[in-house]
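Heads up, the thing below is written out as structure tokens.
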Amino acid sequence: MSTTPGAVRSVLPEDADDALLIGRVWDGETGGPRVVAVSGGTIFDLHRLAATVSGLLELPDPPAAVRAALLDPDLAEPRWATADVVNASLAGDGRTVDATETRLLAPIDLQVIKACGVTFVDSMIERVIEERCAGDAARAAEVRELVGRALGGSLADLRPGSAEAAEAKRVLIAEGLWSQYLEVGIGPDPEVFTKAPVLSSVGLGADIGIPAFSSWNNPEPELVLIATSGGRVMGATLGNDVNLRDVEGRSALLLGKAKDNNASSALGPFIRLFDGAFTLDTLRDEEILLRVDGADGYLLEGRNTVSRISRPFEELVAATYGKHHQYPDGFALFTGTLFAPTQDRDEPGQGFTHKHGDLVSIRSRHLGALVNRVGPCEELPAWTFGLRQLFDYLASQGQELGQRQGARLAL
């Protein structure tokens, strides 16, 4: 991966000077994750303000707390050059983990990782095609033509759950074309599922995984909302909801197998907190760009136009959190993707699938860029740092901090 100064700038939002960015860094010195904030060319350690990102977001006013901490050397310690950490993150080979090296991690920690599916009409139709193909990529072109003739553009402007959507459902059932994906795409209830376990997501520069049992798969560039334990959305980041089309196409009951594998959830590079001119409304028109550069010279480009989402953010959040379900440590919510790659890579009609070595770049104006390389799940670093390891690390750091504070008081 490129580690030029230009590459470092491209990782940050275009208006980085005005952005309030928080995240996590693996600290090679202490051997664990630190909550950080980015200010200019410096990454500040916020460990004394909050031990976890989840805890930081539960403060009464997180943006104000972070801004105040950046002015208080007792709360925010300037420890790393932003360029150094970004370069180290992008320069890794993705197959090994050096515990002594400082690098970026996924910017969430204790939050549950949830995802909404079939929130865009284009990708909804591709899910229908997967189902009709039973996961066989060779049949995709034939089935796509059949479904396209039957549906045309008639679903594009339907409001899910509306009377018009109910009538479309009736017609499609009569024609034998109804699908469970159409049910969640235009029916009253959105699809919400758990994408990955807590602490399992990878961050900028890490390899993302495709298991050996999949031969038809793709990236899913998405906007990810970050919410508190009270369901309040505090900011956003970029995500790659890596998807195995052949597995899910065989049966929707295989969704867990299709979505949750080693390094199948990527988030980053940072969480941008809502503050001032940057709000949830800013993201309603966000353009999320995808680029896949294959080691074989193949190039795929795509775009996720968030304004074309079929359900408002508030509806997706309400379907996730409420009296029916709570998240004491908050949650990250993938909001779905418009992008469904149909461009042929090898054989005509086979469409797109990943190959090992693909470089996947997901970027947007306000959130920066998430860059990862594709590798085989079975050969990527095992996920070994879980909740027990995090709690042990935080306990050790708390004791050390207490000892330092005691020493200062003694002086």
Exercise for review: Answer with yes or no whether Thr342 is in contact with a helix residue (DSSP H, G or I) (Cβ under 8 Å, 6 or more places away or on another chain) and either among the hydroxyl-bearing types (Ser, Thr, Tyr) or in a strand (DSSP E or B) (or both).
Suggested key: yes
Study note, to complete from the structure: Within the stretch 391-411, residues modelled with pLDDT of 95 or more and either open to solvent by 80 Å² or more (accessible area, probe 1.4 Å) or in contact with an Asp or Glu (Cβ under 7 Å, 6 or more places away or on another chain) (or both) come out as Phe391, Asp392
Check your understanding: List pairs: first in the stretch 242-262 and over 17 Å from Pro219 (Cβ atoms) and among the charged types (D, E, K, R), second open to solvent by 10 Å² or more (accessible area, probe 1.4 Å) and part of a loop (DSSP other than H, G, I, E, B), Cβ under 6 Å, 6+ apart or cross-chain?
Key -> Arg250/Ala134; Arg250/Gly135
Exercise for review: Determine if the stretch 53-67 includes at least one residue that is in contact (Cβ under 8 Å) with a residue 60 or more places away in the chain, surrounded by 21 or more Cβ atoms within 10 Å (Cβ to Cβ) and in contact with an Asp or Glu (Cβ under 8 Å, 6 or more places away or on another chain).
Suggested key: yes
Review point. Going through the stretch 338-373 one residue at a time, which ones are more than 25 Å from Ser54 (Cβ to Cβ) and open to solvent by less than 10 Å² (accessible area, probe 1.4 Å)?
Key: Pro341, Phe352, Asp358, Val360
Check your understanding: Within the stretch 374-384, can you find the residues that are open to solvent by less than 30 Å² (accessible area, probe 1.4 Å), over 17 Å from the mean Cα position of the chain (by Cα) and of a type in the set (A, V, I, L, M, F, W, C)?
Key -> Cys377, Leu380
Check your understanding: Residues of the stretch 76-90 being open to solvent by less than 70 Å² (accessible area, probe 1.4 Å) and over 23 Å from Val224 (Cβ atoms), which ones?
Key -> Ala76, Arg79, Trp80, Ala81, Ala83, Asn87, Ala88
Check your understanding: Of the residues that sit in the stretch 98-148 and are surrounded by fewer than 22 Cβ atoms within 10 Å (Cβ to Cβ) and among the basic types (Lys, Arg), which one is modelled with the lowest pLDDT?
Key -> Arg144
Study note, to complete from the structure: For strands (runs of 3 or more DSSP E) lying entirely in the stretch 28-89, having 3 or more residues that are of a type in the set (A, V, I, L, M) and under 27 Å from Asp207 (Cα atoms) picks out 32-39
Review point. Restricting attention to the stretch 21-38, does a residue exist that is of a type outside the set (A, V, I, L, M), farther than 23 Å from Ile288 by Cβ, in contact with a Leu (Cβ under 6 Å, 6 or more places away or on another chain) and open to solvent by 20 Å² or more (accessible area, probe 1.4 Å)?
Key: yes
Practice item. Among what's in the stretch 208-237 and is hydrophobic (A, V, I, L, M, F, W, C) and in contact with a Pro (Cβ under 7 Å, 6 or more places away or on another chain), pick the residue that is surrounded by the most Cβ atoms within 10 Å (Cβ to Cβ). Key: Ile210
Review point. Out of (1) out of contact with any strand residue (DSSP E or B) (no Cβ under 9 Å at 6 or more places or on another chain); (2) open to solvent by less than 10 Å² (accessible area, probe 1.4 Å); (3) β-branched (Val, Ile, Thr), what's the single condition that is false for Val8?
Key: (2)
Exercise for review: Would you check if Ile173 is modelled with pLDDT under 95, over 30 Å from Ser361 (Cβ atoms) and open to solvent by less than 10 Å² (accessible area, probe 1.4 Å)?
Suggested key: no
**Study point:** Output for the stretch 320-337, where each listed residue is crowded, with 16+ Cβ neighbours inside 10 Å, in a loop (DSSP other than H, G, I, E, B) and of a type in the set (S, T, N, Q)
**Key:** Thr335, Thr337
Check your understanding: Could you count how many residues in the stretch 200-224 are of a type in the set (Ser, Thr, Tyr) and touching a Leu at 6+ places or on another chain (Cβ under 6 Å)?
Key -> 2
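The values are calculated or read from the model by the stated rules, or taken from the named source; none is laboratory data. Please read all numbers here as calculations on a predicted model, not as lab measurements. We place every Cβ from the backbone using ideal geometry, glycine too, and count neighbours over all the protein chains shown. Remember, those area values only see protein heavy atoms, side chains included, never the ligands or the DNA or RNA. Shrake-Rupley method; radii C 1.70, N 1.55, O 1.52, S 1.80 Å.
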